[in-house]
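*Asks:* Next up is a structure, given as structure tokens.
The values are calculated or read from the model by the stated rules, or taken from the named source; none is laboratory data. Everything quoted here is computed from the prediction, not taken from an experiment. In this analysis, Cβ positions are derived from the backbone assuming ideal geometry, glycine residues included, and neighbour counts consider all displayed protein chains. Just the protein is used for accessible areas: all its heavy atoms, side chains included, with ligands, DNA and RNA removed. Shrake-Rupley method; radii C 1.70, N 1.55, O 1.52, S 1.80 Å.
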Amino acid sequence: MATIRTDIAKAKTLLLQNELVAIPTETVYGLAGNALEATAISKIFEVKNRPSFDPLIVHTDSLEKVSSFVTEIPDTALKLAKAFWPGPLTLLLPRSEAIPDLVTSGLDRVAVRIPNHSLTLSLLKTLPFPLAAPSANPFGYISPTQVKHVNDQLGDRIPYILDGGACTVGIESTIIGFEGEEAVIYRKGGMSIEAIEKVIGKVKVQQHSSSNPKAPGMLKSHYAPKKPFVLGNIDALIKEYTNDKVGVLSFKKHFPEISADRQITLSPKADLAEAAQNLFAAMRLLDQMEVEIILAEPMPQEGLGRAINDRLERAAAQ
Ligand code: TXA
Ligand code: MG
């Protein structure tokens with residue numbers, strides 16, 4: 001089983017040997033390896049059971065280091081980096097030869113992010129290379145926001161989990177690419193579109209599709225629990241599924257007709273940041289409960305609500 005500690009020196013030793021280490025970030029836990037070494041990158045794909053066409057995000061701790069593995073940073077990207085790094089934002093930038101093909105699945109752009117977690121920033125600072133890290137879950141399943149989530153699923157496949165507590169943002173980073181100076185959002189995430197537009201003006205949002213995605217995070221079915229997951233008006237759904245033992249995932253409301261131990265309310269005080277923080281842990285709990293089907297409702301379509309709804313829609317997609 002994986003060792004679970006806060007020892008950065010130990011994590012560094014393993015990473016230097018091309019081993020994998022699960023690392024905490026403010027969004028979700030990542031499954032990290034040396035981004036410049038094909039041996040380490042291959043292990044990431046293998047452990048996650050991830051198809052090789054799905055590229056990885058490269059994590060580092062300074063803009064200076066980013067400059068060493070991209071060929072250009074457009075002005076719009078620089079503005080965003082300065083406003084939001086470290087933070088839940090990933091930028092797609094033209095990669096230099098330092099980045100192996102495996103990391104980008106052969107694409108010309110590399111995804112880059114400076115995560116906002118003190119333990120991981122300290123680790124990145126002492127490392128002579130950046131870290132490639134997808135979310136630390138088996139491909140297609142719900143991302144991990146706690147050490148326990150990582151350990152439950154990957155604990156017997158990796159040597160070390162750096163324990164940084166529960167993730168404070170709770171959903172993955174927002175991914176932005178650039179067509180010239182125009183910014184395009186490829187994945188809604190922990191940095192709200194409203195906050196981004198305050199810095200660079202109107203952005204385009206690319207809808208996800210089920211085939212040939214530009215960012216495979218755009219795959220229609222993803223973040224999926226194993227149980228059937230239905231998204232809609234919970235009152236109506238409860239009436240429709242009277243013959244099934246249902247679990248409920250709601251935003252702020254309790255549903256008295258369903259027993260309390262089979263429902264999770266993401267934020268009784270209707271705070272979308274709190275809802276995001278709780279989302280993936282709640283989906284995992286419901287997946288493990290003795291229920292046959294999970295009924296969920298969309299959040300208000302604003303701020304982090306839009307990123308949460310994206311995850312709910314994809315969990316519900318077949
Ligand atoms: O918050 C996050 O972004 C977390 C933490 C660990 O940093 N990471 C994460 O990684 O969510 P992952 O691999 O689960 O999702 C990354 C997404 C994938 O959908 C991938 O397709 C997309 O980013 N991506 C990575 N590199 C890309 C590239 N060069 N071009 C287009 N999309 C890319
Ligand atoms: Mg993922």
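*Asks:* Can you tell me the FRET efficiency between Asp235 and Glu46 if r is taken as the Cβ-Cβ distance and R0 is 51 Å, rounded to the nearest 0.05?
*Replies:* Details: r = 45 Å, r/R0 = 0.88.
It comes to 0.70.
*Asks:* Next question, about the same structure. What lysines does Lys125 reach when the alpha-carbon gap must be under 27 Å and sequence neighbours fewer than 8 apart in one chain are set aside?
*Replies:* Straight-line reach from Lys125, under 27 Å: Lys10, Lys12, Lys43, Lys48, Lys65, Lys79, Lys82, Lys148.
*Asks:* Take every DSSP beta bridge whose two residues both sit in the range 32-138, then give the antiparallel share in percent to the nearest 5. Walk me through the numbers on the way to the answer.
*Replies:* Details: 9 of 12 bridges.
Of all bridge pairs located within the range 32-138, approximately 75 percent are antiparallel.
*Asks:* What distance in nm separates the simple spin-label points at Glu257 and Glu72, each placed 7 Å from Cα in the Cβ direction?
*Replies:* 5.8
*Asks:* Hey, what do the phi angles of the range 105-111 turn into as Karplus ³J(HN,Hα) couplings, whole Hz, using 6.51/-1.76/1.60 and θ = phi - 60°, x for Gly and Pro?
*Replies:* For the range 105-111, the Karplus curve yields 6, x, 6, 7, 10, 10, 7 Hz.
*Asks:* OK, next. Measure off, as a whole percent, the carbon and sulfur share of the 1.4 Å-probe accessible area of the chain, all protein chains present.
*Replies:* Details: 6590 of 13260 Å².
The value for the chain is 50 percent carbon and sulfur by accessible area.
*Asks:* Same structure, new question: For the chain, what is the accessible area per residue in Å² when the probe is 1.4 Å?
*Replies:* Numbers: 13260 Å² over 318 residues.
Here the per-residue accessible area is 42 Å².
*Asks:* Return a whole-number percent for the relative contact order of the range 97-183, with Cα pairs under 8 Å and 6 or more residues apart as the contact set.
*Replies:* Working: 41 pairs, mean separation 14.9, N = 87.
About 17 percent, as a whole number.
*Asks:* Once a ≥ b ≥ c are taken as the square roots of the eigenvalues of the Cα gyration tensor of the range 144-204, is the result rounded (a/c under 1.5), prolate (a/b larger than b/c) or oblate (a/b not larger than b/c)? List each step's numbers first, then the result.
*Replies:* Values: a/c = 4.15, a/b = 2.61, b/c = 1.59.
Cα axes put the range 144-204 in the prolate bin.
*Asks:* Cut-off 16 Å, label point 7 angstrom out along Cα-to-Cβ of Ala195: give me the residues of the range 281-308 whose amide nitrogen falls inside.
*Replies:* Answer for the range 281-308: 302-308.
*Asks:* Please give the contour-minus-distance gain from Lys79 to Lys204: 0.36 nm per residue of separation, less the Cα-Cα distance, rounded to one decimal in nm. Each step should come with its number before you reach the end.
*Replies:* Details: separation 125, 0.36 × 125 = 45.00 nm, distance 1.68 nm.
Result for the pair: 43.3 nm of gain on full extension.
*Asks:* With both partners inside the range 163-318, how many of the DSSP beta bridges are antiparallel, as a percent to the nearest 5? Don't jump to the answer; show the numbers that get you there.
*Replies:* Values: 5 of 17 bridges.
Among the beta bridges of the range 163-318, antiparallel pairing accounts for roughly 30 percent.
*Asks:* Using r as the Cβ-Cβ distance of Glu292 and Lys269, and R0 as 45 Å, what FRET efficiency do you calculate, to the nearest 0.05? Walk me through the numbers on the way to the answer.
*Replies:* Numbers: r = 30 Å, r/R0 = 0.67.
Efficiency at R0 = 45 Å is approximately 0.90.
*Asks:* Listed highest first by mean packing, meaning other Cβ atoms within 10 Å per residue, what order do 307-317, 86-96, 150-160 come in?
*Replies:* 86-96, 307-317, 150-160
*Asks:* Within 10 Å, count the other beta carbons around each residue, average over each peptide in 242-255, 165-178, and list them highest first. Display every interim value, and only then the final one.
*Replies:* On the way: 242-255: 17.2, 165-178: 23.2.
Result, highest mean Cβ count within 10 Å first: 165-178, 242-255.
*Asks:* Sort Thr3, Thr60, Thr71 by heavy-atom solvent-accessible area, probe 1.4 angstrom, most to least.
*Replies:* On the way: Thr3 55, Thr60 5, Thr71 100 Å².
So the residues, ranked largest to smallest area, are Thr71, Thr3, Thr60.
*Asks:* Turning to a different aspect of this structure: Between 0 and 90 degrees, rounded to the nearest ten: what's the tilt of helix 38-48 against the longest Cα principal axis of the chain?
*Replies:* Helix 38-48 sits roughly 10 degrees off the main axis of the chain.
*Asks:* Give me the percent of DSSP beta bridges within the chain that run antiparallel, rounded to the nearest 5.
*Replies:* Working: 18 of 41 bridges.
Given both bridge residues lie in the chain, the antiparallel proportion sits at roughly 45 percent.
*Asks:* Over all directions, how big on average is the projection of the convex hull of the alpha-carbon atoms in the chain, in square nanometres?
*Replies:* Numbers: hull surface 61.8 nm².
Reported value for the Cα convex hull: 15.4 nm².
*Asks:* I need to check one value: relative contact order of the chain, counting alpha carbon pairs closer than 8 Å and at least 6 residues apart, in percent.
*Replies:* On the way: 702 pairs, mean separation 63.5, N = 318.
Worked out over the chain, it gives 20 percent.
*Asks:* Quick one: Karplus J couplings for the range 185-194, per residue in order, coefficients 6.51, -1.76, 1.60, θ = phi - 60°, nearest Hz, x for Gly and Pro?
*Replies:* 3J(HN,Hα) across the range 185-194, in whole Hz: 8, 9, 9, 6, x, x, 9, 6, 4, 4.
*Asks:* Given springs between every Cα pair under 10 Å in a Gaussian network model of the chain, which of Ala183, Ala83, Ala35 has the largest fluctuation?
*Replies:* Of Ala183, Ala83, Ala35, the Gaussian network model singles out Ala83 as fluctuating most.
*Asks:* May I pose another question? Along the range 67-77, what does the Karplus equation 6.51 cos²θ - 1.76 cosθ + 1.60 (θ = phi - 60°) give for ³J(HN,Hα), rounded to whole Hz, x for Gly and Pro?
*Replies:* With coefficients 6.51, -1.76 and 1.60, one gets 4, 7, 10, 10, 8, 7, 10, x, 3, 4, 5 Hz.
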